[in-house]
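Here the structure comes first, spelled out in structure tokens, and everything after it is commentary.
The values are calculated or read from the model by the stated rules, or taken from the named source; none is laboratory data. What you are looking at is a predicted structure, and each value in this text was computed from that prediction instead of being measured. In this analysis, Cβ positions are derived from the backbone assuming ideal geometry, glycine residues included, and neighbour counts consider all displayed protein chains.
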Amino acid sequence: MLGIVELGLFLAFGLMRPDMPMALHLPSFWWKLVSLGLIALVSGAVAILSLNPIRSPRVGLRWVLVLMVLSLTVGWMIDASHGDYGTLLVRLHWRDGLRCLCTIVALSVPPVAGLGLLMRRGAPTDRGGTAMAAGFAAAAWGAFVFVFACPFDDPFYVFVWYSLACTTVTVFAGIALPRLTRW
Amino acid sequence: MTVVRRPPARSEANRNRDWDALMAAAQRGDAAAYRRLLSEVAVWLRPYYSRRLPPAMIDDVIQDTLVAIHEKRHTYDPSRPFGAWLAAIARYKWIDALRSLENCPKEILDDHIAVPCHEEAITSAWSLEQLLSTLKPAQSQAIRLVKLQGFSIDEASKATGQSATLVKVNIHRGLKRLAAMLRSETDTD
């Protein structure tokens with residue numbers, strides 16, 4: 001619910017990319033959107049289900065990892081089929097990339113806080129696993145919201161900067177949430 | 001060989017069913033059911049933690065577990081068994097307690113622990129044994145029992161088969177002989 005409010009506010013503030021009609025025809029745009037949306041939904045469900053003490057998040061986390069590998073494989077296939085993006089260094093666009101990274105991290109804060117609150121109210125008995133699932137979910141949701149604003153559709157760019165942003169959020173959640181949600 | 005089947009297995013199943021019903025009632029606000037459930041759970045938790053934790057920690061961990069059950073009771077799904085839910089929380093609190101042990105202050109023991117010197121005691125015992133071995137067996141036995149092991153004359157008499165008078169005589173003669181030996185050794189030195 002909090003995530004949907006965040007997405008609504010993000011779009012209401014007019015932050016959607018101006019070339020959205022064109023982007024809707026690009027496979028890489030749909031790859032970003034569907035992959036991140038799926039990862040966010042699955043890992044979010046895993047995190048919430050594991051708030052019951054008798055449910056372990058470990059099996060769900062394995063499925064999330066499988067989903068990530070599948071997403072990266074599809075991204076690599078899209079990248080390979082295109083092939084005219086230029087050299088890797090140019091494709092990084094590191095200034096824009098850093099901005100993307102910071103925005104994704106900022107967009108992940110509300111879902112991390114929301115899931116942290118749920119963790120505190122729930123009774124997870126594998127706090128590390130639940131925190132990891134919550135981190136994946138929050139990071140993927142932050143990136144999913146950002147997909148609507150990000151003008152870069154190059155799979156290599158998305159892989160590097162989105163992965164960095166998601167890793168940052170997940171590591172933070174993995175370290176902070178178990179301490180904050182001790183019960 | 002006769003295999004004895006455990007009759008408590010059935011009562012365990014019954015108990016689990018009772019707990020399911022009690023917890024469901026507690027969630028609906030039945031305070032009496034909740035009190036009964038917690039007291040039964042506390043009894044169940046004691047042997048559970050006794051097998052896993054140092055005795056000094058057991059009461060605290062049982063208390064922590066009961067508090068956790070109370071605070072997280074809304075996460076219990078009445079369609080699922082309460083026993084599994086309880087076991088998951090108890091295990092979690094056990095792991096938490098084990099982790100807390102790491103933070104307890106520890107005393108590091110030296111490789112070499114100082115102990116009092118036994119040399120004098122060993123030398124005395126050996127010397128006494130040597131002296132007693134020079135006496136007649138009946139005398140040394142009477143001295144050993146009465147003067148060293150604290151037997152009464154009657155007890156020593158029963159133990160050795162000597163009459164009470166003979167025990168006394170043997171002790172007297174034995175001690176006299178030991179004294180004479182020690183004197184003569186001192187004179188020689």
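Candidates in the stretch A:107-126 are the residues that are more than 16 Å from residue A:176 (Cβ to Cβ) and in a helix (DSSP H, G or I); of these, the one that is farthest from the other protein chains (Cβ to nearest Cβ) is A:107.
For (1) within 14 Å of chain B (Cβ to nearest Cβ); (2) at pLDDT 90 or above, each residue gets a yes or a no:
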| position | (1), (2) |
| --- | --- |
| A:6 | no, no |
| A:27 | no, yes |
| A:51 | yes, yes |
| A:56 | yes, yes |
| A:80 | no, no |
| A:99 | no, yes |
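The one condition from (1) facing chain A (nearest Cβ under 10 Å); (2) free of Cβ contacts under 8 Å to residues at least 60 places away in the same chain; (3) not polar (S, T, N, Q) that residue B:49 does not meet is (1).
Being over 30 Å from residue B:170 (Cβ atoms) and either within 11 Å of chain A (Cβ to nearest Cβ) or out of contact with any Phe, Trp or Tyr (no Cβ under 7 Å at 6 or more places or on another chain) (or both) is a property that holds for residue B:75. Checking the structure you have, find out if any residue of the stretch B:57-71 is over 24 Å from residue B:14 (Cβ atoms) and touching a residue at least 40 places away in the same chain (Cβ under 8 Å). Yes, the conditions are met somewhere in the stretch B:57-71. Here is the figure for the stretch A:137-159: residues that are of a type in the set (A, V, I, L, M, F, W, C), farther than 21 Å from residue A:5 by Cβ and over 13 Å from the mean Cα position of the chain (by Cα) total 2. If only residues of the stretch B:79-101 that are modelled with pLDDT of 90 or more and surrounded by fewer than 15 Cβ atoms within 10 Å (Cβ to Cβ) are counted, the one that is nearest to the other protein chains (Cβ to nearest Cβ) is B:84. When residue A:167 is tested against (1) free of Cβ contacts under 8 Å to residues at least 40 places away in the same chain; (2) within 14 Å of chain B (Cβ to nearest Cβ), only condition (2) is not met. The set of residues from the stretch A:70-106 being touching a residue at least 60 places away in the same chain (Cβ under 8 Å) and either touching a strand residue (DSSP E or B) at 6+ places or on another chain (Cβ under 7 Å) or assigned to a loop (DSSP other than H, G, I, E, B) (or both) comprises A:85, A:93.
With the structure loaded, tell me whether residue B:29 is in contact with a Phe, Trp or Tyr (Cβ under 9 Å, 6 or more places away or on another chain) and either modelled with pLDDT under 95 or crowded, with 18+ Cβ neighbours inside 10 Å (or both) or whether it fails that test. Break it down stepwise before answering.
Working: in contact with a Phe, Trp or Tyr (Cβ under 9 Å, 6 or more places away or on another chain): no; either modelled with pLDDT under 95 or crowded, with 18+ Cβ neighbours inside 10 Å (or both): yes.
Answer is no for this residue.
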